[in-house]
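Trainee: Shown below is the structure under consideration.
The values are calculated or read from the model by the stated rules, or taken from the named source; none is laboratory data. Bear in mind that the values here come from a model prediction, so they are computed numbers and not experimental data. Please note: Cβ atoms are built from the backbone with ideal geometry, for glycine as well, and neighbour counts cover all protein chains shown. With ligands, DNA and RNA removed, areas are computed over all heavy atoms of the protein, side chains included. Shrake-Rupley method; radii C 1.70, N 1.55, O 1.52, S 1.80 Å.
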Amino acid sequence: MKLLFLFLFFSFFTFGQSINDLIIQKVNKYRVQNKLVPYKVNEKAKPLNEQQLSYMSSTNTVPLDHSQKIKTSYPKTFNNFDERVNYVNRTGFNFFGENLYGAVYQGTVEQVASEIFNAWVNSPSHNKLLLDPYFTGIFVNYVIDDEFIIGSNVYTGDNYIFCVLTVCQ
């Protein structure tokens, strides 16, 4: 039984690592094609990413407004993205952006990574985050929860004065 658990654990870890890496590669290739500097992986964005994934997994939702209004084991709920970022953010960045994803898991790792990436490119507001020249960092994390894949790309930057979700001024 232990051997089976270890195999499943490492299979899951390998999937997670490779899909995250593939998404970052696709996003950075797209940025270079559009004459932008590639993102650097920003580990400081991990708490915001993990907190959102935990919420999505425990509530079986992908909140389109990036809020967290359903009570979970987390000590607080959030009415909007800004409220959540201000509570969770302890990194000192001036702004964050976030793309969320959730779907039934089907296909190879490459197919799923391409599906996620294409969903962002084909959505004007999400594509805007991919191509925003003022975002410099990215943290990507996708996990399988039962038959579903859920995930989040968190973008970080220092140069904006004001940013709400994907509408920045």
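Trainee: Go through (1) under 14 Å from the mean Cα position of the chain (by Cα); (2) at pLDDT 90 or above; (3) surrounded by fewer than 14 Cβ atoms within 10 Å (Cβ to Cβ) one by one and return the number of the condition Q17 breaks.
Mentor: Here Q17 clears every test but (2).
Trainee: Taking L129 and the conditions (1) open to solvent by 30 Å² or more (accessible area, probe 1.4 Å); (2) under 17 Å from G157 (Cβ atoms), which numbered condition does it fall short on, given that it satisfies the others?
Mentor: All conditions pass for L129, except number (1).
Trainee: Turning to a different aspect of this structure: Mind telling me which of the residues D132, D146, D158, D65 ends up being within 17 Å of the chain's Cα centre (by Cα) and modelled with pLDDT under 85? Give the steps one after another, and end with the answer.
Mentor: Details: D132 fails: modelled with pLDDT under 85; D146 fails: within 17 Å of the chain's Cα centre (by Cα); D158 fails: within 17 Å of the chain's Cα centre (by Cα).
The conditions single out D65.
Trainee: Would region 69-81 turn up any residue that is assigned to a helix (DSSP H, G or I) and either at pLDDT 70 or above or in contact with a Leu (Cβ under 7 Å, 6 or more places away or on another chain) (or both)? Outline the logic, then answer.
Mentor: Taking region 69-81 as the starting set, the residues that turn out to be assigned to a helix (DSSP H, G or I) are 81.
If we keep only those that are either at pLDDT 70 or above or in contact with a Leu (Cβ under 7 Å, 6 or more places away or on another chain) (or both) too, we end up with 81.
Checking region 69-81: at least one residue is assigned to a helix (DSSP H, G or I) and either at pLDDT 70 or above or in contact with a Leu (Cβ under 7 Å, 6 or more places away or on another chain) (or both).
Trainee: Which one is surrounded by the most Cβ atoms within 10 Å (Cβ to Cβ), of the residues in region 84-109 that are charged (D, E, K, R) and modelled with pLDDT under 75?
Mentor: R84
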